Each structure stands twice: as structure tokens, then as C-alpha cells.
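Engineer: Sending over a structure as C-alpha cells; questions will come in a sec.
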């Protein structure tokens, strides 16, 4: 039986509305997970021994770009010798669970670099030459392809499970150090005009010319305690933040850096890559890659600008194995080495050591120091919030 015309018309209208609703919901974004969203609370007040800082755009929403698959950089590269498939396996797992996308770049065997291709005065071991050339190849590629910024990992790099939350705070600090003003729209979420962001090192120093301005992140669960930092080459004095009635050992700082040692993970800009390629390949040069970058930071050649966190954000993973397996740079003969348990240096909740938890779908993660830092969730591990401090001259810590 046919419906009267008005009833039929109502039926058609209802049908069209239902169809439109179903069509819309089929394209609705899924519910975000902890990897997609990070709560960004307001900055805490500066400490009482500081002066107010110039208003800065470190609260700008573009800072959330550090949570994307390339951590806010145009590219991520991971350097690995082709034969080290074991390290490539581990890095792939770490990156997958961190939702990080990267391009693998072949490492270089130093003995394959012809003497004519070396800078004048270069006199280093084959392993050091190979490492140097691999990083030069990345810089050359960046310059050729106009890559604006890149994060460079070595294949044994590791990081805490809350790396994206940590980088939000580091980016706020980097913007402050780079004097990113409120009305500016930086091309990089880390601010503009930096050359190197040295987030993975084994020692770093504050630049004496800018030794009063810091971005301070207190109560950070990912900060390794002072008694476990002894194997770093050197470190800033933490007296203003670790001593006194309000001091705490779980404090990380971000600052204008005089350089660093080791290159487990660092970012470099297009202009930084050009400066580094010239300084370490086109003129007389004779140092490992990290000391070359450190020299540029320290001497401010070509206005080279570096920013570091302390303690570091990227560490180094060591598998359970004969210690000769750990490094391709070489620290003495392999004979006489012994098997040691796996560990992740300078991290508290390392991704590498928590892979079994991630494979099981757990949401609570283990620390390297269970007696000090209990198992925690991602939200708890990445909960620290930083603030600006400008020290009074009498409060500036001694260098070294």
C-alpha cells in the first residue's frame, strides 16, 4: 500500500538524514591514545631567586608539533653500519612503540674512505674516520636536498618511554633560550636560529656568555639522580636547583650550551649543517665528530648556536652480550671482554628495557632504579612542567 504523499516525503527526509549521519561518522577520527595527546598545563612561577623573564612564545600551540612522527623536525635519520642488523632490529622496535618515523642511513667503514677524501691534517683511527664521514654524509644530504631540520640518531640510541612529553618541555626551553618572542611564528617548534639541539650526549657545558638564563624542569621522574651521572665526561653545576630548602635532585635544565660529547642523538638545522660541513670537511680538520661540533659551539664560529638539556634526554642502550658488541668505534681489543647484562645508560624509564611490557600491552613501565623510581604510567612519567629562571649574578654556578 502506498503512503500518502506527506508521509512518503517525511520517510525520505528521515532516510537522507540518517544516511548523512552514518557517512559523517565513518570519517570521524578515532579516540586519541596517550601517544596522540599530551596535556599542556600552564607554566609554574619562577623560583624566588630569579628575575622575571621577557614574555616568550614557549606556550604557543605550534609546540605540539614535537609530538608528530618526526618529533617536530623535517626528517629523522638513523646511522648504522649495514652489517649491524642487530642494532637496526632494536632501533626499529623502539621507534615503532614510540610512533617515530625515520630513514636509515648507512654507516661508513673508515678504511673505505680514501686518504684524498679526508680533510687536510686529518689523522684519526679508521673507526673515528668512519663515524665522522657518516655524519658528514647526512649533512651533505641535508644541504643538497634543502632539509630544514633533522634529528640524527646513532643506532644504539635509546630514550624514555615518555619522550614526546619530555620534548614538549624541552621545546619550551629551547624557545626561551632562542628569545622567541610572543608575536613570532617560529618555523620550528623548537624556535628558530639554533644550529644544534644536543639532546643525546655524555657530557655538556653551559656557555659562559649566557650563563644566567635557564629553563628549569623540577620534579622530573625521568631525571637520573646525581649519584648515577659519574660516567659523563663533564656536567653543569646544579647547585642553584639541588641545594637549599627547596632543592631537588629530580631537576632538568635547558640552556645555551658550550658544546657536548657523544652523538647518540642531536638535531641540526640547515644552516647548522652548512657550517658543520664546511668546518669539518672543507678546511684543515683533525677531530672526532663530537669534538668538531663542540668546537663550533664553544668558539661560536659562524655564530654557531647550541642548546642542551642536562641531564640528557637520549641515552645509549647496551644489549645483554659480550661488551665487544656494544660499540663500533672501539674501546680497546675484543679479547678478554665478558658478557654483561643489558642496560640503558642515563635513562630512568628506557624504551629498550620496557619493550617486553609494551609487547604485553601493559600501561605501567619499569625503571632502571626500582628502589628509587617505582613503576609508573606514561602520564606520570611525562608529568613534569618547566619554568623560566634568570639567576642573579651571585647565584650563577661555577663552570665545570
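The values are calculated or read from the model by the stated rules, or taken from the named source; none is laboratory data. Values in this document were obtained by computation on a predicted structure and should not be read as measured data. Positions of Cβ are generated from backbone atoms using ideal geometry, with glycine treated the same way; all protein chains shown enter the neighbour counts.
Engineer: Looking only at residues that are under 18 Å from the mean Cα position of the chain (by Cα) and closer than 13 Å to residue 311 by Cα in region 236-257, which one is surrounded by the fewest Cβ atoms within 10 Å (Cβ to Cβ)? Give the derivation first.
Structural biologist: Here is the first cut: in region 236-257, the ones under 18 Å from the mean Cα position of the chain (by Cα) are 251-257.
From what is left, the residues that are closer than 13 Å to residue 311 by Cα are 251-255, 257.
Details: 251: 20, 252: 26, 253: 22, 254: 28, 255: 26, 257: 26.
Only one residue fits best here, namely 251.
Engineer: Still on this structure, I have one more. For the structure I just gave you, tell me whether residue 147 is part of a helix (DSSP H, G or I), within 22 Å of residue 275 (Cβ to Cβ) and at pLDDT 95 or above. Talk me through it step by step, then tell me what you get.
Structural biologist: On the way: part of a helix (DSSP H, G or I): no; within 22 Å of residue 275 (Cβ to Cβ): yes; at pLDDT 95 or above: yes.
Here the answer is no, as residue 147 does not meet what is asked.
Engineer: Can you list the helices (runs of 4 or more DSSP H) lying wholly within region 204-304 that have 2 or more residues being in contact with a strand residue (DSSP E or B) (Cβ under 8 Å, 6 or more places away or on another chain) and more than 21 Å from residue 79 (Cα to Cα)?
Structural biologist: Filter on region 204-304 gives 239-242, 289-299.
Engineer: Test residue 112 against the stated conditions and say whether it is at pLDDT 95 or above, over 22 Å from residue 174 (Cβ atoms), in contact with a helix residue (DSSP H, G or I) (Cβ under 9 Å, 6 or more places away or on another chain) and surrounded by fewer than 21 Cβ atoms within 10 Å (Cβ to Cβ).
Structural biologist: Details: at pLDDT 95 or above: yes; over 22 Å from residue 174 (Cβ atoms): yes; in contact with a helix residue (DSSP H, G or I) (Cβ under 9 Å, 6 or more places away or on another chain): yes; surrounded by fewer than 21 Cβ atoms within 10 Å (Cβ to Cβ): yes.
Yes: the conditions hold for residue 112.
For (1) over 17 Å from residue 293 (Cβ atoms); (2) in contact (Cβ under 8 Å) with a residue 12 or more places away in the chain; (3) buried (at least 21 other Cβ atoms within 10 Å of the Cβ); (4) in contact with a strand residue (DSSP E or B) (Cβ under 9 Å, 6 or more places away or on another chain), each residue gets a yes or a no:
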site	(1), (2), (3), (4)
100	yes, yes, yes, yes
104	yes, yes, no, yes
121	yes, yes, no, no
124	no, yes, no, no
131	no, yes, yes, yes
142	no, yes, yes, yes
148	yes, yes, no, yes
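Engineer: Please verify whether residue 138 is assigned to a helix (DSSP H, G or I), within 20 Å of residue 72 (Cα to Cα), in contact with a strand residue (DSSP E or B) (Cβ under 6 Å, 6 or more places away or on another chain) and touching a residue at least 12 places away in the same chain (Cβ under 8 Å), treating the condition exactly as stated. Don't jump to the end; show me each part of the working.
Structural biologist: Details: assigned to a helix (DSSP H, G or I): yes; within 20 Å of residue 72 (Cα to Cα): yes; in contact with a strand residue (DSSP E or B) (Cβ under 6 Å, 6 or more places away or on another chain): yes; touching a residue at least 12 places away in the same chain (Cβ under 8 Å): yes.
Yes: the conditions hold for residue 138.
Engineer: Name the residues in region 163-203 that are part of a helix (DSSP H, G or I) and over 13 Å from residue 267 (Cα atoms), would you?
Structural biologist: Of all residues in region 163-203, those part of a helix (DSSP H, G or I) come to 163-177.
163, 164, 165, 166, 168, 169, 172, 173, 175, 176, 177 - these are the residues of region 163-203 that are part of a helix (DSSP H, G or I) and over 13 Å from residue 267 (Cα atoms).
Engineer: Residue 355: surrounded by fewer than 17 Cβ atoms within 10 Å (Cβ to Cβ), at pLDDT 95 or above and not in a loop (DSSP other than H, G, I, E, B), yes or no?
Structural biologist: Details: surrounded by fewer than 17 Cβ atoms within 10 Å (Cβ to Cβ): yes; at pLDDT 95 or above: yes; not in a loop (DSSP other than H, G, I, E, B): yes.
Yes, satisfied.
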